[in-house]
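The values are calculated or read from the model by the stated rules, or taken from the named source; none is laboratory data. Remember, predicted model here, so these are calculated numbers, not experimental data. Cβ sites come from the backbone with ideal geometry, for glycine too, and all protein chains shown count toward neighbours.
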Amino acid sequence: MWFDKNLEEIFKELSVDIVEGLSSSEIEVRKNKYGLNKLATKKKKSILQLILAQLNDMLIYILIVAAVISALIGEISDAAIIGIVIIINAIVGVIQESKAEKALDALKKLSVPKAIVKRDGKLIEIESYEIVPGDIVIIDAGRYIPCDLRLIETANLKIDESSLTGESVPVEKDAKTRFESSSVPIGDQKNMAFMSTLATYGRGVGIAVATGMNTQIGKIANMLNEENDSKTPLQKKLDETGRFLGFSALAVCIIMFLIGMLQKRNLFEMFLTSISLAVAAIPEGLPAIVTIVLAIGVQRMIKNNAIVRTLPAIETLGSVNIICSDKTGTLTQNKMTVTKFYCDGSFEEINKLNLQNPIHKLMLESFVLCNDASYSQYKETGDPTEIALLSAGVKFNIFKEEIEKIHKRVDEIPFDSDRKLMTTVNYFDGKYYVITKGAIDSLLNKCSSIYMNNKIITLNDEDRNNIMEISNKMSYEALRVLGTAYKIIPSEHVEIDSLEKDLTFLGIVGMIDPPREEVKDSINICNSSGIRTVMITGDHKNTALAIAKKLNIAENESQAISGIELDNMDDEDLSNRVDDLRVFARVSPEHKVKIVKALKSKGYIVSMTGDGVNDAPSLRIADIGVAMGITGTDVAKGASDIILTDDNFSTIVSAIKEGRNIYNNIKKSVIFLLSCNIGEIFALFIAILFGWSTPLSPIHILWINLITDTLPALSLGVDTGDPDIMKLKPRKSNESLFKNSVVYLLLNGLLIGTLTLIAFTIGMNKFPDYKESLIYARTMAFVVLCISQLIHSLNMRSENKSIFQIGIFSNKYLIGSIIIGILLQISLLTIHTLAVIFKVTNLAIQDWIFVILLCLIPLILNEIIKIFKRKFSR
Ligand code: ATP
């Protein structure tokens, strides 16, 4: 047992030096010995299993039966072609699925949490699966515990162990706890931290004692079944639509078969035709195409700094109409610089600070000591607010590492965005100094005196008003304001609750944090695309409003509200006012939940940003939770739908744009596939109804299905985005994929079917001999059906823009697919062996010209309709 051993024993057993950590060479040895720090996952399917899964489908069974029957009655070439279709279908299916899966796997890898470890004497951040037993691991609030740890050091560390023990209240941890007994339940092992639990408060250091499947969670979850890949609402809807269309197609085929029987047609041919048509008309490729398009979209988004953690998020993104954004770091650069101070009666530029004045000196030292960041010429780590304070110290030759050696930190209460304060206790010269820094309003509530004119005097109302006035002045200039206060206590052992109390006020500083340059443009884009931007910040109302005005988020004070005002509103009040509000200042994470609820109650689709542990609830209830990749905690990331790897507001806007485009592209593929299918059904159905010969043989139908359902449909799915997409209003979340498209889809289907029949009829009158004419007519119908569908794919690229406006060649994949399709079609007719197998013949040159003209008709008609659409919409 690790919890009942003493630390020396553990260090010896794991042979590690606590100061230096493990050495690089030792890590290699241990990696080989213990393997990666990962939980085993479900085994991946083999290629053979994937292929078999593709074949396990009712339609394929029917096709196999059809192939066998064809072979039995001597139609060997039909049987062979059906066989080839089955194989190609399976291969395409496997490729599509494994591509989609790979993309999703890559995604999962991207959101693997990182861990901070001490190796070769240095602190470094590594992927948590690289941890080996013996590693010294640093824990801070918001991080996942990456493996089982025996704690060496803790400062108010609390860990949420619900994933392991089911206990929902975070457990307080204490490295100093000793156990005599060796049978202590996991939940009580206070000197241990366990893999996949979450640090919610404080910080600590631990030594890795078990990794991977040897951890407690590894033992329980012997085999971690990865969560079932959830389908997106669109995928679910499409499944339903697919099923409906499938049944309808089947019904049409059966009716056709019955009519054929009544007309005493060749039963075998009718059987094959019906089956082929069923195979062609049932959009079985649709789900795979949608997954691929979504997965490719996800990849594209990663390149633009947004990691989408769940596929449904992509769709929701397209309908977001409110973006709630943090201020610091997301709208602003998070590069803070202290510019002003107020201390001992003087309100000046920071360079006027006078270290000869003991109060000035004490103020600056307090800001440096009550600080978790580190700062040197070469490297800075930590919270930018704190870095700014250290950098101000360095300018006056006050270095944290040096003064911290003399003023040793003995206790602390970490910063949290509810209290908006941070406190340390430092021992110096026989005394214990309590130093608190934080937001002025919170800090003043904890102060009872002020250090001025070399005296500590009672803090009266006038002083308070004066301080607030100066703080307001700073915040009107968009400065972030931070104050500090202190007191001396007799002993280190003071109740933690009584530390932030009766403090002596020292002074305040104001720091600038310029807005990010690109953000203003992004907000203007939002304004013109029906998306409202709302700023939610822990910062002061005036500071927040000043920046909001600069960025065109808000215009006047009535659009800003503070956390205290929010507290005085019930949900209904807020919901009544929420439409007018653009800035929520001095809010704590709980307020964020209230705000999201109010916005959602008004029917908005809300995206909300967050980074801290306490932001998780609001990220979860927002339609799109957005976590910060750089400053965000693992908890926030775990609760989010999207992670911004650059913490930048503009990335949210480009993700929304991408989301809209992806949705549109899926729509294009689906409508394209369906209009083609309708064309095929229509041509055959009409011919059979009127007692004509069937215009296409079964293998023609299967072939066309192979050519159009794959490459062109996929290429439409990855079409270039519409540059004007952000000029449109957001799509309603419950809007049907077929909105405004049913008539379009039917008409185009009917048009393609009619053209096919025209070609067939003309072909039938070519020769006196019926048989000769039939082959010729079928060839013409076959060519028209196939090529007109390929060309029709160009129509799908925009609802009202001309293909020449978009640029014919701007989707190279689509052009490539069309060319490949046409070349294959030509080779079928011109290569003798293929022509024999497919029962086609080459066309005379004038007939080629004629069919090509027929194939262009859908393009020409659609272009004409688009001209009217553009005129009309203007
Ligand atoms: P946003 O929510 O937009 O990121 P924010 O960073 O200002 O805004 P918080 O981090 O919750 O929000 O900070 C709220 C307030 O707490 C700040 O205005 C500041 O006064 C104070 N504060 C911020 N960081 C610290 C810190 N490290 N120590 C003490 N006080 C801090």
Residue in region 704-714 that is nearest to THR756 (Cα to Cα), counting only those that are modelled with pLDDT of 85 or more and crowded, with 24+ Cβ neighbours inside 10 Å:
ILE704
Counting only residues that are more than 9 Å from the ligand (Cβ to nearest atom), surrounded by fewer than 18 Cβ atoms within 10 Å (Cβ to Cβ) and within 25 Å of ALA199 (Cα to Cα), how many does region 409-434 have?
2
Scope region 645-656; condition part of a helix (DSSP H, G or I) and crowded, with 22+ Cβ neighbours inside 10 Å; matching residues:
PHE649, SER650, THR651, ILE652, VAL653, ALA655, ILE656
All-but-one check, LEU459 against (1) more than 16 Å from the ligand (Cβ to nearest atom); (2) surrounded by fewer than 16 Cβ atoms within 10 Å (Cβ to Cβ); (3) farther than 13 Å from ASN371 by Cα, failing number (2)
Scan ILE621, ILE642 and give me the residue that is away from the ligand (no atom under 13 Å from the Cβ), within 23 Å of ASP521 (Cα to Cα) and either surrounded by 24 or more Cβ atoms within 10 Å (Cβ to Cβ) or touching a residue at least 24 places away in the same chain (Cβ under 8 Å) (or both).
ILE642
Can you find, within region 323-356, the residue that is farthest from the ligand (Cβ to nearest atom) among those that are over 30 Å from MET535 (Cα atoms) and in a loop (DSSP other than H, G, I, E, B)?
GLN356
Pairs needed: first member in region 527-542, closer than 19 Å to GLU590 by Cβ; second member anywhere, of a type in the set (Lys, Arg) and more than 11 Å from the ligand (Cβ to nearest atom); C-beta distance under 8 Å; at least 6 residues apart or different chains.
VAL534/ARG582; MET535/ARG582
Search region 432-449 for residues that are under 24 Å from GLY563 (Cα atoms) and pair each with any residue that is of a type in the set (Gly, Ala, Ser) and within 11 Å of the ligand (Cβ to nearest atom) when their beta-carbon atoms are under 7 Å apart and the residues are at least 6 apart or on different chains.
LYS437/GLY483; GLY438/GLY483; ILE440/SER471; ILE440/GLY483; LEU443/GLY483
Of the residues that make up region 586-594, is at least one part of a strand (DSSP E or B), buried (at least 19 other Cβ atoms within 10 Å of the Cβ) and β-branched (Val, Ile, Thr)?
no
Subset tally (residues that are over 40 Å from the mean Cα position of the chain (by Cα) and of a type in the set (D, E, K, R)) for region 385-408:
5
Restricted to region 366-390, and to residues that are more than 9 Å from the ligand (Cβ to nearest atom) and hydroxyl-bearing (Ser, Thr, Tyr), which residue is modelled with the lowest pLDDT?
TYR378
Residue ID - surrounded by the fewest Cβ atoms within 10 Å (Cβ to Cβ), chosen from residues in region 852-871 that are over 27 Å from ASP724 (Cα atoms) and of a type in the set (Val, Ile, Thr):
ILE852
Scan region 786-795 and give yes if some residue there is over 27 Å from ILE84 (Cα atoms) and assigned by TED's automatic domain parsing to the domain that holds LEU673, otherwise no.
yes
Residue match in region 728-735 (condition: of a type in the set (A, V, I, L, M, F, W, C) and not in a loop (DSSP other than H, G, I, E, B))
no
Single condition LEU294 does not satisfy, out of (1) farther than 30 Å from ALA598 by Cβ; (2) more than 16 Å from the ligand (Cβ to nearest atom); (3) not assigned by TED's automatic domain parsing to the domain that holds LEU689:
(3)
Just to be sure I understand, how many residues within region 407-431 are without any contact (Cβ under 8 Å) to a residue 60 or more places away in the chain, closer than 16 Å to TYR486 by Cβ and among the hydrophobic types (A, V, I, L, M, F, W, C)?
2
Somewhere in region 687-703, is a residue in a helix (DSSP H, G or I), hydrophobic (A, V, I, L, M, F, W, C), more than 14 Å from ALA781 (Cβ to Cβ) and at pLDDT below 85?
yes
GLU401 fails exactly one of (1) in contact with a Gly (Cβ under 7 Å, 6 or more places away or on another chain); (2) away from the ligand (no atom under 16 Å from the Cβ), namely (1)
Spans of strands (runs of 3 or more DSSP E) in region 473-579 with at least 1 residues assigned by TED's automatic domain parsing to the domain that holds LEU362 and either away from the ligand (no atom under 16 Å from the Cβ) or under 27 Å from the mean Cα position of the chain (by Cα) (or both):
480-489, 503-512
Please report, ordered by residue number, the helices (runs of 4 or more DSSP H) entirely within region 758-840 with at least 3 residues that are in contact with a Ser or Thr (Cβ under 9 Å, 6 or more places away or on another chain).
770-795, 812-830, 832-837
Here are the criteria: (1) away from the ligand (no atom under 15 Å from the Cβ); (2) more than 30 Å from ASP441 (Cβ to Cβ); (3) crowded, with 21+ Cβ neighbours inside 10 Å. Tell me which single one GLY629 does not satisfy.
(1)
